């Protein structure tokens, strides 16, 4: 990741967040993480390999928290979700065998087993994060600034966010 994000007034923002009730703080942080994750998720959709379009359509953002930690996840859901790790990391050569006593059919040819050559990795999730991480941090900071100003009455005009 190249570049930095400078946020002026961060200590004041941190002090204000410490005064908020815990539930309100988690809601603000979850919203901020969601805003940042959406930036990365849109890049994942752009980079995802397209064959049927179902993989791209299954990119979703979720947030949650447990034990004082708030997290955001970008995941692939739906009918073709199982394919995402294979594309991201590749698959080594392996043998595919029919169920005991059964046969498999490939292109009209029946066999008891087939040697799969594997596939090369075609990463799309990690490169999306690497290329949009800085923009995601800025989006999260902007969301926090706006939410605290509109919902909680904090004067955020002294908080400056700039990407370098």
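The values are calculated or read from the model by the stated rules, or taken from the named source; none is laboratory data. All values reported here derive from a predicted model rather than from experimental measurement. As a convention, Cβ positions derive from the backbone with ideal geometry for all residues, glycine included, and neighbour counts pool all protein chains shown.
One line per residue, one yes/no per condition, for (1) within 26 Å of residue 139 (Cβ to Cβ); (2) at pLDDT 95 or above:
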residue: 36; (1), (2): yes, yes
residue: 39; (1), (2): yes, yes
residue: 47; (1), (2): yes, no
residue: 99; (1), (2): no, no
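Is there a residue in the stretch 122-137 that is without any contact (Cβ under 8 Å) to a residue 60 or more places away in the chain and touching a strand residue (DSSP E or B) at 6+ places or on another chain (Cβ under 9 Å)? For the stretch 122-137, residues without any contact (Cβ under 8 Å) to a residue 60 or more places away in the chain and touching a strand residue (DSSP E or B) at 6+ places or on another chain (Cβ under 9 Å): absent.
Test residue 163 against the stated conditions and say whether it is at pLDDT below 85 and under 24 Å from residue 46 (Cβ atoms). So residue 163 fits the description; yes.
Considering only the stretch 106-115, how many residues are closer than 16 Å to residue 91 by Cα and surrounded by 12 or more Cβ atoms within 10 Å (Cβ to Cβ)? Break it down stepwise before answering.
Of the residues in the stretch 106-115, the ones closer than 16 Å to residue 91 by Cα are 114-115.
In the following step, the residues that additionally are surrounded by 12 or more Cβ atoms within 10 Å (Cβ to Cβ) were identified as 114.
Matching residues across the stretch 106-115 total 1.
Cβ separations smaller than 6 Å between residues 6+ apart or across chains give no pair from the stretch 50-71 residues that are outside the structural domain of residue 37 (by TED's automatic domain parsing) and modelled with pLDDT of 85 or more to residues that are outside any loop (DSSP other than H, G, I, E, B) and surrounded by 10 or more Cβ atoms within 10 Å (Cβ to Cβ).
What number of residues in the stretch 72-111 are free of Cβ contacts under 8 Å to residues at least 12 places away in the same chain and over 28 Å from residue 33 (Cβ atoms)?
12
The combined condition, being on the phi < 0 side of the Ramachandran plot, assigned by TED's automatic domain parsing to the domain that holds residue 146 and in contact (Cβ under 8 Å) with a residue 60 or more places away in the chain, is fulfilled by residue 36.
If you go through the stretch 39-49 and pick out every residue that is in a helix (DSSP H, G or I), in contact with a helix residue (DSSP H, G or I) (Cβ under 7 Å, 6 or more places away or on another chain) and in contact (Cβ under 8 Å) with a residue 40 or more places away in the chain, you end up with 5. Filtering the stretch 53-76 to residues that are exposed (fewer than 13 other Cβ atoms within 10 Å of the Cβ) and assigned to a loop (DSSP other than H, G, I, E, B) leaves 53, 67, 68.
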